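Following: one structure in structure tokens, then a few remarks.
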Amino acid sequence: MIILTLNAGSSSLKFNLIDTADETALADGIAERIGLSDGFIRWTIQGEKGRVDQDMKDHKDALKTIMDELRKTALKDRDVTAVGHRVAHGGPHFGDPMLVTPKVLQEIEELAALAPLHNPANALGIKTAMEIFPGKPQVAVFDTAFHNSIPDYAYTYGLPKELCAKYEIRRYGFHGTSHRYVAERTALLLAKPLDMLKIITCHLGNGSSITAVNKGKSVDTSMGLTPLEGVIMGTRCGSVDAGAIITLMEKENLDAKGINALLNKQSGLLGISGVSSDLRDIEESRASNDSSRLTFETLCYGIVKYIGAYAAAMDGVDVITFTAGIGENSNSTRAWVCNRLRNLLGIELNEAVNNARSKEDRIISTPSSRTAVCVIPTNEELMIARYTAKLV
Ligand code: AMP
């Protein structure tokens, strides 16, 4: 089967074309600045990079251009079997991936209250694909789904019960497809059954979340009702005393929109450092710039605290797995975190393997390390393609 996966943002559309027979990526790319000037689409098809600069009036325009390119190159005489969509929020009801029906689509749109930045764009992506591929199965894969197994005492906030019930306020968690994928790969890499492992998966990228995976099930995760909670991120604040937010709203005269922008766009690595939201810039400047030093250490210390907490939550941990942009590439973040946990978890890092650049799944701890440490490049698109193929 040839599965097209789509991840629609408000002005972007990421795509992957996957042949499920051998799970190869035939093509991947992104259309950016949809509905704006200076639009462009860039892609990699069979190892060859390409780009077209073209304004796209809407997502339909973007997907049409993408499909024209794919039909000429990656697809040729073959056709897309089905489309798998990444959907940020599945709310309390959506667990497993769903074949999209008008009712499912309506519910995804209604969940915009819980994910105002993501769900409307995801729904738009589904509607666009329905127009371009009439009659073809569309499957929604929810970022929250893997976390449906979190027990009530771990997803409950200390807020009035009636209000939480009324507005469906609780921890949902995100990056579920990634956490599940890397947990499964970790078990394969260690050649141990998943249902015998206590894994802490650290998805550290522009957005970051850490998950406690016990016997293959998510039992706690750092993101909450929205993807703001948890460790500090590129421009998102992570966990902050709610009192600090009230103070900022009062003193800076900010309404909900204003505080939302501050917490989502001006905080995190960018907010603390004043330098950049990209960890590469922070790492480069941290020897000479004390704000960058502080930013790096605040990030790493936050990760250490979540790992300690989740080791307690699971009454132990067998393996810590790093993934996503920072987790896969930043050897200094991994080294800081692992060295800080040396005594508590008996971690011994294999410095040579940690420092080597690689795109492969790898164990970066020594054979005698009490807790294993792995790096697994995430592949959410492959997971979405697998789910889609399974459902159709
Ligand atoms: P993602 O959201 O998973 O694509 O991750 C993107 C983020 O990963 C970037 O904003 C950087 O902060 C970080 N990143 C990527 N490559 C590196 C690297 N070589 N060293 C440190 N951080 C990196």
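The values are calculated or read from the model by the stated rules, or taken from the named source; none is laboratory data. No experiment lies behind these values; they were computed from the predicted model shown. All Cβ positions, even for glycine, are placed from backbone atoms using ideal geometry, and neighbour counts span all protein chains on display.
Assorted remarks:
- Output for the stretch 152-202, where each listed residue is closer than 22 Å to residue 97 by Cβ and of a type in the set (D, E, K, R): 168, 170, 171, 180, 184, 185, 195
- Across the stretch 374-392, the qualifying residues are those that are of a type in the set (Val, Ile, Thr) and part of a helix (DSSP H, G or I), and the one among them that is farthest from the ligand (Cβ to nearest atom) is 388.
- Hits in the stretch 296-328 (condition: more than 16 Å from the ligand (Cβ to nearest atom), crowded, with 22+ Cβ neighbours inside 10 Å and not in a loop (DSSP other than H, G, I, E, B)): 306, 307, 310, 319, 320
- Single unsatisfied condition, residue 217 versus (1) surrounded by fewer than 23 Cβ atoms within 10 Å (Cβ to Cβ); (2) within 14 Å of residue 309 (Cα to Cα): (2)
- For the stretch 367-377, the criterion of being of a type in the set (D, E, K, R), closer than 18 Å to residue 188 by Cβ and modelled with pLDDT of 95 or more is satisfied by no residue at all.
- Checking each residue in the stretch 194-214 for being within 14 Å of the ligand (Cβ to nearest atom) and surrounded by fewer than 23 Cβ atoms within 10 Å (Cβ to Cβ) picks out 205, 206, 207.
- All of (1) over 21 Å from residue 208 (Cα atoms); (2) free of Cβ contacts under 8 Å to residues at least 60 places away in the same chain; (3) surrounded by 14 or more Cβ atoms within 10 Å (Cβ to Cβ) hold for residue 386 with one exception: (2).
Yes or no, residue by residue, for (1) at pLDDT below 95; (2) under 18 Å from residue 362 (Cβ atoms); (3) in a helix (DSSP H, G or I):
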position: 162; (1), (2), (3): no, no, yes
position: 165; (1), (2), (3): no, no, yes
position: 178; (1), (2), (3): no, yes, yes
position: 184; (1), (2), (3): no, yes, yes
position: 200; (1), (2), (3): no, yes, no
position: 210; (1), (2), (3): no, no, no
position: 213; (1), (2), (3): no, no, no
position: 218; (1), (2), (3): no, no, no
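- Applying the condition of being hydroxyl-bearing (Ser, Thr, Tyr) and either under 24 Å from the mean Cα position of the chain (by Cα) or on the phi > 0 side of the Ramachandran plot (or both) to the stretch 329-373 and asking which residue is farthest from the ligand (Cβ to nearest atom) yields 358.
- Where strands (runs of 3 or more DSSP E) fall entirely within the stretch 7-109, those with at least 2 residues that are within 25 Å of the chain's Cα centre (by Cα), farther than 19 Å from residue 140 by Cβ and of a type in the set (Asp, Glu) are at 24-32.
- Residues in the stretch 68-88 that are at pLDDT 95 or above and of a type outside the set (Val, Ile, Thr): 4 in all.
- Being closer than 25 Å to residue 6 by Cα and not small (Gly, Ala, Ser) is a condition met by at least one residue of the stretch 365-376.
- Residue that is surrounded by the most Cβ atoms within 10 Å (Cβ to Cβ), among those in the stretch 223-272 that are acidic (Asp, Glu) and in a loop (DSSP other than H, G, I, E, B): 229
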